[in-house]
1. Of all residues in segment A:556-571, count the ones that are surrounded by 24 or more Cβ atoms within 10 Å (Cβ to Cβ) and either basic (Lys, Arg) or part of a helix (DSSP H, G or I) (or both).
2. Which of the following residues is basic (Lys, Arg) and within 13 Å of chain A (Cβ to nearest Cβ): B:Lys170, B:Lys179?
3. Kindly indicate whether B:Val316 is β-branched (Val, Ile, Thr), farther than 26 Å from B:Arg151 by Cβ and more than 27 Å from the chain's Cα centre (by Cα).
4. Looking only at residues in segment B:539-555 that are without any contact (Cβ under 8 Å) to a residue 40 or more places away in the chain and part of a loop (DSSP other than H, G, I, E, B), which one is nearest to B:Leu661 (Cα to Cα)?
5. Here's a check for you: in segment B:33-87, which residue that is acidic (Asp, Glu) and surrounded by 20 or more Cβ atoms within 10 Å (Cβ to Cβ) is nearest to the other protein chains (Cβ to nearest Cβ)?
6. From the list B:Val271, B:Val284, which one is more than 18 Å from B:Gln200 (Cβ to Cβ) and either among the hydroxyl-bearing types (Ser, Thr, Tyr) or within 14 Å of another protein chain (Cβ to nearest Cβ) (or both)?
7. Restricting attention to segment B:291-319, and to residues there that are free of Cβ contacts under 8 Å to residues at least 24 places away in the same chain and not hydroxyl-bearing (Ser, Thr, Tyr), which single residue is nearest to B:Ala36 (Cα to Cα)?
8. Considering only segment A:572-595, I want to know if a residue exists there that is within 14 Å of chain B (Cβ to nearest Cβ), surrounded by fewer than 20 Cβ atoms within 10 Å (Cβ to Cβ) and not in a loop (DSSP other than H, G, I, E, B).
Amino acid sequence: MADKAKKKKKDRNRSVDPAVLEILERTKDSGIETAYDRYLKMQPQCNYGEQGICCHICIQGPCRITRRADKGICGATAYTIVARNLVRHELGGCTAHADHGIHSTLLAREVVEGTVTDYKITDTKKLHALAERMDVSIEGKEDKEILKELVEIAIEDFNRLDGKDMYWLPKVIVPERTKKFQDCNILPSSIHRTIADAMAQTHVGMDADPVNLVFKSLEVSLADYAGEHIATSFSDVLFGTPEPVVSEANMGVLDEDYVNIAVHGHNPILSEMVVQAAREMKDEAQEAGAKGIKCAGICCTGNELLMRQGVPILTNYASQELAIMTGAVDAMVVDIQCIMPGIQPVAECYHTRIITTSPSVKIPGSYHLDFDESRAMEKAREVVEIAISAYKERNKEVVIPQVKHKVVAGFSTEALLDIFAAVNPDRPISVLTDAILSGELRGVCLLCGCNNLKRIHDENHIVIAQELAKNDVLLVSTGCAAQAYAKSGMLNWDAVEEYAGEGLKAFLSRLNEANKDKLVEKLPLVFHMGSCVDNSRAYDLMTYMAEELQMDTPKVPYAASAPEAMSEKAIAIGSWLVTLGLPTHVGVVPPIPGSQLVDGIALQIAHDVYGGYFIWETDPHKSAEKILEALDERTWKLKMHQKAKETYETETISATW
Amino acid sequence: MADTGVLRREWEESFEEIFDGVIDEANPPTPLFQKAYDGAIIATSYAEILLNQAIRRYGPEHPVSYPDTGYFMPVITAYSGEQVTKLGELVPILNRLRNQIREELNFLNARLCGEATAYAAEIIEVLRYIDGENPHVAPWTGFLGDPIVRRYGILLVDWTIPGQAVLVGKAKSSEALGKIVTDLQSKGFMIFMSYEVIDQAIEAGCRLGIDFITFPTGNFTQVIHAVNYALRAGLAFGGITPGAREEQRDYQRRRVRAFVLHFGERDEVQVAAHFAAIFMGFPVLVDHELPEDEQIENWYISHPDYDTMVQVAMEVRGIKLKIVDIPVPFMVAPAFEGEAIRRRDMYLEFGGGRTSSFELVRMVSEDEIEDGKIEVIGPDIDEIEEGSAISAGLDIKIYGRKMQVDFEAVLERRIHDFINYGEGLWHTAQRDIAWYRVSKDCVAGGFKFRHYGDLLIAKFKDEFPAIVDRVQVKIYTDPEKVEENLKIAREVYAERDARLAGLTDESVEEFYSCKLCQSFAPNHVCIVTPERLGLCGAVSWLDGKASYEIDPNGPCEPVKKEGLIDEAKGIWESINEYVYLNSNRTIEECSMYSFIDRPMTSCGCFEAIMGIVPEVNGVMVTTREHGGMTPCGMSFSTLAGSVGGGVQTPGFMGHGRTFILSKKFISADGGLGRLVWLPKELKDWLGDDLNKSAEAQGLGENFADKIADETIGETAEEIMPFLEEKGHPALTMDPLM
């Protein structure tokens, strides 16, 4: 018993973040329950659910596939159940991003119509560039007129019912991809139509064909991508396209002497205002006895604010409750997505106020402020006021782990191209592709996704990145993955010195040298590209690389990894990465292997049809090896195809992948 | 077709017997069957999505076809006989095949899954050509057109090419894969590749492409092009009726000696495709350990040892090779026949009109020859600077108890093939314009001039054992000696030409038959006369005679000219009787000199085909090299599809390219003066000989200029003004019909 108890105790410390470990250790006997405790209580988790072969789509069920019962009561086989569950999961992700995208679009419309006063067109350069990409003429038009046309395109792409192809997506991917999607009938007509159709298709007694279901899931994933791209684009227009910025990360960014506001969720619309309000309300805070107000971010709201405002990162998804347990967070204001309901009970043990703001995100016991863009600043000030009044009620010892690291972030695709342009102003992206073709870099890897306590918190993120960096892979990152790097000191030059291989170091040094007049800090080991909707930025980079190399994306040495994937959004993102041509590693096996057929499609046959494919691997070292193999395979094939072109004197390189 | 019960009963009674008792019913390989089932679902569902999407976008009436084929979608044509030309026609076919994918897991159902997967793959692939563009660049081939099937298909089914190896997946290393490819090539195999084995072969520096009978088809369902190639060989040369699924599979099993080598991981669709091969009677070898329940004895075999993989595959498929061990430091195989040596890869060349060269085969008596002796007179290759063009000549003496002077030319012409079989050696033309090249790689590998001798001695003895007993070779590289012997060679050529000029249809007592193609075209008989070579272009009257000497029971035998019926058309009673008896009593009469009245039949491997163009009262000729349209309204592929297979088609006839120069060229129908259209390539190839023949037939000078080609037009209407302007004789000749 003693051994078991000891093991269990040890298992509770499922993190490699020293700040997290310190809090877990300090609070082990406090009785305050967090995800780390609940994870242990939940073991063992349902095997049928994990395999994806539990079906509860109708209330005749739940049905599960066993050796004895190889079909559900309706006759659905493992492949139907797994594929159908997959569509439903992706719908969860797609609707989340669609919700985010439509929110940004409607705010942009309000800016055009003048019904909001706290928001404006901030980045006209981005507006014009976006218009050009969308083939919207800007000749002789006011900025608002241009934005109006773009908003109309987006709204039509959300709502179209005429069955025509959606407009936005083909404008931001290479034409070979569009043709592939048209041939395979997975190019969405509109985001909401795809969502509705897919939902209907997975009702009981509808589609039983695993390939048809998987293809629908891919259509859903493309709708997800479109939603993300729209969200990022309008956020940039309204709040500015990120540029390199220096900040810091981890719990040490909290300051006992300040009013601390944690901003958490995914959307910059409210949080931008909170940051502004906090800056304006320093006096009120000082009246309450504090030195001032500090904001710090959790999850993608944190990323949005870091990228544009340099707001420090507090922590990421898995440890959101632990931030409260410092006793220093006066208010945690949340918008949408990845808000653990568990924060409220933890907050109840402290003076911390949880403030929900979205009509779709409410938690019993918390404060709820119904956020309204037309009264944005007013609402933001209310948040800050609640935080200040809570500050006065601090009732427990404040213990802030003294862990924080310097962070260099703000690398939008535009910012990266700008940095490359210092080396080659005519064809900036060729700086990257040439480095890959010459062998200096082995490729690019997007590290993205969540935390998942099935793995040790942040361990997969960090080990995989270090291994890839050592092997000269250029790393870009978003979401909670990027926060893992921020918190562990991997978003700065010191990390380059410590972890980068010779090729990567040489490449980054060259960029530093060319940009030395422009950059205040040297470039980091991992390029933080933003929140999880900003995976669209990471894929824009892929599109530009493919255009430069004049080939379809499945030939480009660019991989992706979600080392600790958790949310349905991650499933949707993983699926579009594959559909859009990337080998995509997932560090937590999703509920698919219950059907060998669907698993076979995901791991192998997807490559034949779309060029991308999944890699399931939970061990971080093996994961890195497999990602490197995937990149090397592409580079090798590219070389062989180049050799073939020379040997057989063909005009073009083979289009096969 | 809907009643699968009937189908199953038929199968169980015949071809399917080869699978009887293979499965241990107590321990069936269920996991393997499950993979095949899953793969068939994936393939057919994917095909359905693509097909119905194409119909949504283009409409059901939209045409669908592979390029350069007269066999529509060959998998479908061969197995169920539908001649698909429109998208909409594919829907019921795919539905029928979807319907034969059954949940019950057993060997029969796994093969049916395989068949369904083959149909699905054919549909998936043909849709890639819907825009009319070739989706591949060399060396990737994608679909192989009929010209390539014709070029090698016969060699495949008559076993000159010992078999068809289909390589799929990714091997343990490029080097290991390269060894296997080279081994297969040196054994003369036809090779199809799919997936990363292609990239590995590129890395290993293997010679790929149509000229090397090594076809990197592409990835995924592109492996189906190995299948639709094999099936077209059955349709074209086996004369198997489209849709005769049973007969077709039997033919494939007996004549197309194919096997599959799978490298690396397998996915579900690949396993289903493996069962498409098994369905045709072809075994599958996998390069890694498989559990017991994923193997089928003699059909689905785990064989991780690369060194013996090819050997085991051949044993399982029952392929035995005639081993000829030639002591030369380079590989010798038909696979290298098409290899080109470009100037930058060349170490040395001679002949070709730029420097002096000759090659001469002479019959000598027993005491004038020392068997196996090879002399190099002059500097050897390592004494000659890289990049040189030298003078050189090959003098070959042959003694044989049954050798005849007439065979000298027959043997001499084979030098071209034998030299080209050598990897790194290249040869073209003959006699004193012969042109030789040796590659840098070959010299680096240790090539010396004497190896020409080793190669020729071995090949002459191997291929002509009945007439060649001793061979001696002298290779001249000393310029003076070359000139000296060139003179002698020219005297021999002149004597030979004088003798051959007297060799006419009238001057001989007998013609020769050739039934070489009956192994695959059972009703076809060629009659080869001194003035009409075999329609494949490879068998002259002298070849027929030599062949008969070598093996009286072989493909050629003398046919007496007796009982003349029609002198102008060239009809003899004795020949009619021979043809009737040897065409399985299908062709009763046959004329030698008319293509309108009872013309000779065609096996399918003709070099060229002629067709009537009634609008201009003439005849056109097209070749298998020419992919374009012709004035008779059909391309070569379409013409070949309707004329081949051993049937008489008045107005259309297959023939050899040089037959055009013969004075017996459709002499009963007006002769060369009828010729109104040729592909430009053939016109250039015939060169001035065409004008000479025309002059000899009283057609005046520069007759070639009166003949239209594709640059003038591709329809009768388009060429008519040209023919009128040039005053083409056909326009004023008696009506053809």
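The values are calculated or read from the model by the stated rules, or taken from the named source; none is laboratory data. What you see is a predicted model, and the numbers here were worked out from it, not measured in a lab. No Cβ is skipped: glycine too gets one built from the backbone with ideal geometry, and neighbour counts run over all protein chains shown.
1. Number of matching residues: 3.
2. Unique residue meeting the criteria: B:Lys170.
3. no
4. Filtering first and then ranking leaves B:Val539.
5. The qualifying residue nearest to the other protein chains (Cβ to nearest Cβ) is B:Asp38.
6. B:Val271
7. The residue in question is B:Ile301.
8. Looking for residues that are within 14 Å of chain B (Cβ to nearest Cβ), surrounded by fewer than 20 Cβ atoms within 10 Å (Cβ to Cβ) and not in a loop (DSSP other than H, G, I, E, B), one finds none in segment A:572-595, hence no.
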